[in-house]
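Data first, discussion second: the structure below is written as structure tokens.
What follows is calculated from the coordinates using simple rules that are stated; it is not laboratory data. Bear in mind that the values here come from a model prediction, so they are computed numbers and not experimental data. Virtual Cβ from ideal backbone geometry, glycine too; neighbours counted across all protein chains shown.
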Amino acid sequence: MIVCDKKFLEQRCDQRGYTFEEVEPCIIKRKDNMLWVDEKHPKYPHAADDEKPLVPNGKKGGPGTELSNLLKKLGLSAVEGCKCKGRAQKMDDWGPDICEDRINEIVGWMEEEARKRKKWFVRWPAKTVVLLAIKKARKAQKLA
């Protein structure tokens, strides 16, 4: 269990690509701005690591992992304070079908990050890269 000020949990959520509302179920107790948080709760904003995410068939990967790998090949990777790893985890959790349904949201995330980094951004190439990541994730699932 962690005892912390609400602002610290909000910062952790932001660092890892979660909203505060998504992780509220892991809060056990509140008193003023102090929170008692169960860090073992499934809704706690865990960091993505090398063992995560697992696609439903038990293999590593998913659309978020595939997108991260494609972007690394283009010289783009997560930096301190960005939401990239948490969002990649979210995409892996969603799987290819939901990612395809929410492709405009995902491209919006990419545009938001480009603006933070003061980089130019064009939607259609970004959308193409996301579609390729989804395709690669589907292929990996079929091979498993």
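Points worth noting:
- ³J(HN,Hα), Karplus 6.51/-1.76/1.60, whole Hz, each residue of segment 27-41, x for Gly, Pro: 7, 8, 8, 10, 8, 6, 9, 8, 10, 9, 10, 8, 6, 9, 5
- Cross-link partners of K116 among lysines (Cα-Cα below 22 Å; sequence separation of 8 or more within a chain): K7, K72, K73, K83, K85, K90, K127
- Angle between the chain longest axis and helix 123-143 axis [Cα atoms, degrees, rounded to 10]: 90
- L74-N33 FRET efficiency (beta carbon distance; Förster radius 41 Å; 0.05 resolution): 0.50
- Relative contact order, percent, the chain [alpha-carbon distance under 8 Å, six or more residues apart]: 24
- The candidate values were (1) 11, 38, 31, 16, 3, 0; (2) 10, 31, 33, 21, 5, 0; (3) 11, 41, 36, 11, 1; the one computed from these coordinates for P(r) over Cα pairs in 10 Å bins from 0, in percent carries the label (1).
- Candidates N33, N104, N69, ranked by Gaussian network fluctuation over the chain, Cα under 10 Å, top entry: N33
- About the centre of its Cα atoms, segment 63-143 shows a dipole size close to 340 debye [charges on the beta carbon of Lys, Arg (+1) and Asp, Glu (-1) only; nearest 20 debye].
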